[in-house]
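A short write-up of the structure that comes next.
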Amino acid sequence: MKFDNLVELAKAVGNDILIVELTKNKKFPINKDLKLDINLLPDDINGDLAREDPDEFMRLVNNSIANRLNYMYEEGFLAKKKAYYRIYTEKELRDQLLDISINGVD
């Protein structure tokens, strides 16, 4: 897939990183700035776009990840535990919904 600009590319990369980390490790560090090796990006239009301004690309990727984590936390899909966001399991989400349906919202 070809991205039209650096922001779209950074959002896609950030989302891919989060998907892998949250499904594999079930958690993601809070306030962690990633350092990606830009040279490992494919030699295609997208890789070239990222390599034009690698610092800006990394800033956008980190912002995208932080924004997505904040959104998921505010919407109730993540919990903060120590220095990590932890994703709730399906059972934990069902239990929370059941509790809300029985006891209401505080």
Region 1-16 residues that are of a type in the set (Gly, Ala, Ser), paired with ones that are in a helix (DSSP H, G or I) and modelled with pLDDT under 90 (beta carbon under 9 Å, 6 or more apart) | ALA12/ASN46
Using the structure shown, decide if ILE38 is farther than 19 Å from ALA83 by Cβ and modelled with pLDDT under 90.
-> yes
Could you look through region 55-78, keep only residues that are among the hydroxyl-bearing types (Ser, Thr, Tyr) and free of Cβ contacts under 8 Å to residues at least 40 places away in the same chain, and pick out the one that is surrounded by the fewest Cβ atoms within 10 Å (Cβ to Cβ)?
-> TYR71
For residues that are without any contact (Cβ under 8 Å) to a residue 12 or more places away in the chain and among the aliphatic types (A, V, I, L, M), scanning just region 79-106, find the one that is farthest from ILE17 (Cα to Cα).
-> ILE102
For region 31-106, which helices (runs of 4 or more DSSP H) that fit wholly inside it have 1 or more residues that are in contact with a strand residue (DSSP E or B) (Cβ under 6 Å, 6 or more places away or on another chain)?
-> 54-74
Among what's in region 3-27 and is within 14 Å of the chain's Cα centre (by Cα), of a type outside the set (S, T, N, Q) and not in a helix (DSSP H, G or I), pick the residue that is nearest to LEU60 (Cα to Cα).
-> LYS27
Only one of LYS26, LYS35 that is among the basic types (Lys, Arg) and under 24 Å from TYR88 (Cβ atoms) = LYS26
May I ask you to list pairs of residues, at least six apart or on different chains, whose Cβ atoms are under 9 Å apart, with the first in region 31-54 being over 17 Å from ASN5 (Cβ atoms) and the second being in a helix (DSSP H, G or I) and among the aromatic types (Phe, Trp, Tyr)?
-> LEU36/PHE57
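The values are calculated or read from the model by the stated rules, or taken from the named source; none is laboratory data. The structure presented is a predicted model; accordingly, all values stated were derived computationally and were not measured. Here the Cβ is made from the backbone with ideal geometry for all residues, glycine too, and neighbour counts use every protein chain on show.
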